[in-house]
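A.B. asks: Here it is: the structure, laid out below.
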Amino acid sequence: MNKPRVYIVSPALAEANNGNWHTAARWARMLAGHCRTEVALRWNGEPHELLIALHARRSADSIERHARQCPQVPRVVVLTGTDLYRDIRIDAAAQHSLVHATRLVVLQDQGPHELTPAMQAKCMVIVQSAAPLAPAAKPDDRLLAVMVGHLRDEKDPMTFMRAARRLAAREDIRFEHVGEALDPALGMAARETMRLNPRYRWLGGLSRGAARQRMKRAHVLVHASRMEGGAQVIAEAVQAGTPVIASRIAGNVGMLGRDWPGYFALGHDDELAALLERLRDEPAALAALNDHARRRAALFAPDAERAALLHLVQSLLEPAR
């Protein structure tokens, strides 16, 4: 029997090296033994049995065209952070994508709370995963904090930079910042931060593998985002043996849990700096954060994500077979 065809629309492909692309590519790999998959920027009428579209707003044209031309073919719409926490409230195209979806997917367990009851009824959670890495030995004479994500406003890289500037006198706290400067002004700010604190290093864009090695060797990953649909970088860090300190926003709480001990208020570089100092100065605090990360790691296992994705796809394809 021929494998069913699954068409995945992603608003970014490999050269973007961002979350949408990594989700699309990972799902294509997970489905490969069960389906024939194709990943593209848009749907242009290619035959298939299931459409999966990442991003309600940015993929809205493909979703609308598909609903008009293939009304009987199921459509899955995967909601990103900008979808959940901005676009579905104000953008008509994103709102129409929700209506056109056969099923909605969110990437962390706080996501459904942003939807109406009618939309919640067709929504499921699929938590993003990462392959585990063997933990690295980490130096005792300093604390290394790494932030991974392209420099753009939604990721709030300035909070990380301001915390680094606050801690310029702490020779035992170091900072690494990974990501392309999608906003040139943020690139300028990163260069200025390197001047003000020589222990802050902006490394620019790195491959996913190289970025994970940076995470693996760090004591903590800092995730300062303003809005997140479910950050894969959190899964990657935890699965590399590195705990996370994060802005207390819904998307991060949905990934890490309400009792996570490593939150700081959104945009509060003073709280972030104080938390980093505490983790450096109080070994028990860092040990407790590592314990929380180890207990959370099973949520980010690839087998769990694969099982949830296959359940979704099979439930939509079987009625047509």
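A.B. asks: May I ask you to compute the full-extension gain from LYS3 to GLU64, defined as 0.36 nm times their residue separation minus their alpha-carbon distance, rounded to one decimal in nm?
C.D. replies: Computed gain between LYS3 and GLU64 is 19.4 nm.
A.B. asks: Quick one: compute the contact order of the stretch 143-300, relative version, from alpha carbon pairs under 8 angstrom and 6+ residues apart, as a percent.
C.D. replies: 25 percent
A.B. asks: Report the FRET efficiency, 1/(1 + (r/R0)^6), for VAL125 and ALA40, where r is their Cβ-Cβ distance and R0 is 30 Å, rounded to 0.05.
C.D. replies: 0.70
A.B. asks: Take the chain, drop everything but the C-alpha atoms, weight them equally and run the Debye formula without solvent; then report log10 I(q)/I(0) at 0.09, 0.12 Å⁻¹ to two decimals.
C.D. replies: -0.47, -0.80
A.B. asks: Work out the charge dipole of the stretch 2-145 with +1 on the Cβ of Lys and Arg and -1 on the Cβ of Asp and Glu about the Cα centre, then indicate which of VAL99, ALA53, ALA67 is farthest towards its positive end.
C.D. replies: ALA67
A.B. asks: Amide H to amide H under 5 Å from ILE52: which residues, 5+ apart in sequence or cross-chain, H placed 1.01 Å off N in plane?
C.D. replies: HN-HN under 5 Å from ILE52: TYR7, ILE8, VAL9, VAL76.
A.B. asks: Follow-up. Output ³J(HN,Hα) for the stretch 227-243: one whole-Hz value per residue in order, computed from phi by the Karplus curve 6.51 cos²θ - 1.76 cosθ + 1.60 with θ = phi - 60°, and x for Gly and Pro.
C.D. replies: Here the 3J(HN,Hα) series is 8, 8, x, x, 6, 5, 4, 5, 4, 5, 5, 4, 6, 9, x, 10, x Hz.
A.B. asks: Have a look at the DSSP beta bridges in the chain and tell me what percent are antiparallel, nearest 5.
C.D. replies: So the antiparallel bridges amount to about 0 percent of the total.
A.B. asks: Can you give the Kirkwood hydrodynamic radius for the stretch 35-153, in Å, rounded to one decimal and based on Cα pairs?
C.D. replies: This gives a value of 16.4 Å.
A.B. asks: Of the options HIS292, GLN314, PRO302, report the single residue whose Cα projects farthest towards the positive end of the charge dipole of the stretch 281-321 (beta-carbon charges: Lys, Arg +1; Asp, Glu -1).
C.D. replies: GLN314
A.B. asks: Here's something else I'd like to know. Rounded to the nearest whole Å³, what is the per residue volume of the convex hull around the Cα atoms of the stretch 143-300?
C.D. replies: Numbers: hull volume 14.7 nm³, N = 158.
Measuring per residue, one finds 93 Å³ for the Cα hull of the stretch 143-300.
A.B. asks: In debye, nearest 20, what is the charge dipole magnitude of the stretch 143-300 about its Cα centre with +1 on Lys and Arg Cβ and -1 on Asp and Glu Cβ, if you could check? Intermediate values should be presented prior to the final figure.
C.D. replies: On the way: 24 positive and 19 negative charges, 81 e Å.
Result for the stretch 143-300 is approximately 380 debye, rounded to the nearest 20.
A.B. asks: Give me the distance in nm between label points sitting 7 Å out from Cα along the Cα-to-Cβ direction at ALA304 and ARG278, one decimal.
C.D. replies: Rounded to a tenth, the inter-label distance reads 2.5 nm.
A.B. asks: Find, among the GluC sites (Glu not before Pro) in the stretch 110-199, those assigned to loop by DSSP (not H, G, I, E, B) with at most 12 other beta-carbon atoms within 10 angstrom.
C.D. replies: GLU171
A.B. asks: Relative to the longest principal axis of the chain, what angle (0 to 90°, nearest 10) does the C-alpha long axis of helix 157-166 take?
C.D. replies: For 157-166 against the chain, the angle is about 10 degrees.
Bear in mind that the values in this text are calculations on the coordinates, not laboratory data. Computed from a predicted structure; not experimentally measured. A quick note on method: Cβ atoms are made from the backbone with ideal geometry, for glycine too, and the neighbour counts reach across all protein chains shown.
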